[in-house]
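Let me begin by handing over the structure; questions about it come next.
Since every read-out is calculated from the coordinates, none of them should be taken as a lab result. Here the structure is a predicted model, which means the values were calculated and not measured. Note that we place each Cβ from the backbone using ideal geometry, even for glycine, and neighbour counts take in every protein chain shown.
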Amino acid sequence: MLRVTNTYTGRKEPFEPLEDGKVKMYVCGPTVYGLMHLGNARPAVVFDAFRRYLEYKGYKVTMVQNFTDIDDKIINAANAAGVDFKRYADRFIAEYWIDAHLLGVRAANFHPRTTDYVPEIIDIIQRLIAKGHAYESGGDVYFDVRSFPKYGALSHRKIDEMLSGVRVDPTEHKRFPLDFALWKTAKPDEPSWESPWGRGRPGWHIECSAMSMSLLGESFDIHAGGNDLVFPHHENEKAQSEALTGKPFARYWMHNGMLRFSGEKMAKSVGNIFNVREALTRFGKDTIRLFLLSKHYTSPVDLSEEFLQESSRAARRVRDSLERARELGVAEKFVKADAWVHEMESRFQEALDDDFNTPMAVSLIFELVSELNSALDKGDEERAAQAYDLVVREIGPVLGLFDLPEKSTEEAGENLFSGVMEILLDVRNKLRSEKRYEITDRIRKRLEEMGIKLKDTPQGTKFTLDHHG
Ligand SMILES: [Zn+2]
């Protein structure tokens, strides 16, 4: 039985959807004002894989992930670029799809955009005012936190603690410092919509309540996102939704840990790989996903060049073995699901049933790959086909790993380098056999200047690199 960590209860709990066999989940999506970085890639990869696992287990999943396409950051960036905010947001939604595709992140069932839900947002705000949970003040509308006694229950914070962290903006006229904006009155030169409180735009938190409840209903199963969203974003979402409907909003709150920079300052090199497009170009999809899924989703992940290189080497070992199996025709064989296959399958399910323990599932892939290698060495085609099948057709597709042959540019570059060296050494050997030592010594010397050392052995000429990269 699947168990997940529920932020709301603070416990690992059995997962029981509201409706048998169906799961409705909402994931807070990106604010579209720049290219995706690995910090946004983590929830995208993790919850996409989680959804695939739910489907693997036979659930019919309805997943919603929004795009926040109106926000101060977007308005400021669009103004700086001299572009209409909508055009600006459109551009980065298009860029999101490119990165998501390259990362192997599937589209959700719905990708609503905030600006398409303004009538729904206004309707919710009107109903909250009518119920005494919100009030208008100078064209702004605020949620009345004190009208919702359970406020703080999701983030496990007390009112006093929350109050000490709050900064009061003198331009806002709230009744209580923790009250948050549902509607903001229009500032000059900002996009705005007509409302019962004059022209303005939605506050941030209300959009997710409007989009999730419109598409999934007033109560649904999973609400997910990064743990930086627990407070205030999710706390506020929960308060306004439950104040409105009187029903529990999301049943399970799942949060992924943050990306850290290994305690170091964000060096330029880390800055570059932080950008998903760049990281993908250099390392490829499998490396990035392996890097992100090798840690449990609730833990922080440390990002460094070295850790990505490590994942890159691990990914290559797997791909090399799979490639070898394909070359030997193992991939085409039909597989008998014997006791060993069933045991591997249940170990995979046990790992992911235990709060989506992807590090354990990843280590199972490595184990299967060593089994594949030794089966290939022994000529045990049946076992090789079984191991190949488990990695490429069963576990791989759930984690979005090793499901398609791919090569990163670094790897392609390294293969090219090895190929060129092979040709050069071939030519040099030919010259040596003709005793043309003047040329062969010159080749050796020039290569040494580049840090490549040649060693002539009875088995042929080998080369080593003094320093790598
Ligand atoms: Zn949200």
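Expressed in nm to one decimal, what extension gain is obtained for the pair ARG277 and ASN76 from 0.36 nm per residue of sequence separation less their Cα-Cα distance? Don't skip to the answer; put the middle values down first.
Working: separation 201, 0.36 × 201 = 72.36 nm, distance 2.33 nm.
Full extension from ARG277 to ASN76 adds 70.0 nm.
Once you place label points 7 Å from the Cα toward the Cβ at GLU438 and ARG175, how far apart are they in nm?
Between GLU438 and ARG175, the label points sit 9.8 nm apart.
Over the chain, calculate the relative contact order: mean separation of alpha carbon pairs under 8 Å at least 6 apart, over the residue count, as a percent. Walk me through the intermediate numbers first.
Working: 663 pairs, mean separation 73.5, N = 469.
Relative contact order for the chain comes out at 16 percent.
Provide the FRET efficiency to the nearest 0.05 for the ILE452-THR409 pair, computing r from the beta carbons and using R0 = 22 Å. Display every interim value, and only then the final one.
Numbers: r = 21 Å, r/R0 = 0.95.
Taking R0 as 22 Å, the efficiency between ILE452 and THR409 is 0.55.
List the pairs from LYS24/LYS131; LYS131/LYS187; LYS22/LYS247; LYS24/LYS57; LYS24/LYS238; LYS158/LYS238 whose alpha-carbon separation is above 21 Å, in the order I gave them. Display every interim value, and only then the final one.
Values: LYS24/LYS131 27 Å; LYS131/LYS187 28 Å; LYS22/LYS247 19 Å; LYS24/LYS57 15 Å; LYS24/LYS238 16 Å; LYS158/LYS238 16 Å.
Violating the 21 Å limit, Cα to Cα: LYS24/LYS131; LYS131/LYS187.
Moving on. So what's the back-of-envelope 222 nm ellipticity for the chain, counting only DSSP H runs of four-plus at -39500 (n - 2.57) apiece and dividing by all residues, rounded to 500?
That calculation yields -15500 deg cm²/dmol at 222 nm.
Also, I was wondering about something else. Test of understanding: express the Cα radius of gyration of the range 10-73 as a ratio to 2.2 N^0.38 Å, with N the residue count.
On the way: Rg = 14.3 Å, N = 64, 2.2 N^0.38 = 10.7 Å.
In units of the 2.2 N^0.38 Å rule of thumb, it is 1.34.
Next question. Arrange the peptides 86-98, 197-209 so that the one whose residues have, on average, the most other Cβ atoms within 10 Å appears first. Please report the intermediate quantities before stating the final value.
Details: 86-98: 16.2, 197-209: 22.3.
Highest mean packing first, the order is 197-209, 86-98.
Could you give the Stokes-Einstein D for the range 295-399 in µm² per second, using the C-alpha Kirkwood radius, 20 °C, 1.002 mPa s?
Numbers: Rh = 14.5 Å.
In µm²/s, the coefficient is 147.
With only Lys, Arg, Asp and Glu charged, each at its Cβ (+1 for the first two, -1 for the last two), find how big the charge dipole of the range 1-134 is about the Cα centre; round to the nearest 20 debye. Numbers along the way, then the final one.
Working: 18 positive and 16 negative charges, 91 e Å.
The calculated dipole for the range 1-134 is roughly 440 debye.
Quick check: convex hull of the Cα atoms in the range 409-465, volume per residue, rounded to a whole Å³? Could the numbers behind the result be given before it?
Numbers: hull volume 4.4 nm³, N = 57.
Each residue corresponds to 76 Å³ of Cα convex hull volume.
What's the local net charge at VAL4, with K and R +1, D and E -1, over the other residues with C-beta under 9 Å away?
On the way: positive: ARG3, LYS12; negative: GLU13, ASP355.
Net charge around VAL4: 0.
Which of the peptides 48-56, 411-419 is most tightly packed, and how do the rest follow, going by the mean number of other Cβ atoms within 10 Å of each residue?
Values: 48-56: 21.4, 411-419: 12.2.
Result, highest mean first: 48-56, 411-419.
Further question: Diagonalise the Cα gyration tensor of the range 3-257 and give the resulting equivalent ellipsoid semi-axes, square root of 5 times each eigenvalue, largest first, whole Å.
Details: eigenvalues 158, 117, 53 Å².
Sorted largest first and rounded, they come to 28, 24, 16 Å.
If you don't mind, there's one more thing I want to ask. Quick one: what Rg and Dmax do you get for the range 11-115 from the alpha carbons, in Å?
Rg then Dmax for the range 11-115, in Å: 15.9, 51.
Using per-residue counts of other Cβ atoms within 10 Å, averaged over each peptide, order 283-291, 166-174, 385-393, 341-349 from highest down. Can you show the working numbers first?
Numbers: 283-291: 25.0, 166-174: 10.8, 385-393: 23.0, 341-349: 15.1.
Final packing ranking: 283-291, 385-393, 341-349, 166-174.
Would the chain count as rounded, prolate or oblate if I go by the C-alpha gyration tensor, calling it rounded below 1.5 in a/c and otherwise prolate when a/b exceeds b/c, oblate otherwise?
On the way: a/c = 2.96, a/b = 1.82, b/c = 1.62.
The shape class here is prolate.
Between ARG199 and HIS111, what FRET efficiency follows from the Cβ-Cβ distance if R0 is 22 Å, with the result rounded to 0.05? The partial results should precede the final answer.
On the way: r = 27 Å, r/R0 = 1.23.
According to the calculation, E is roughly 0.20.
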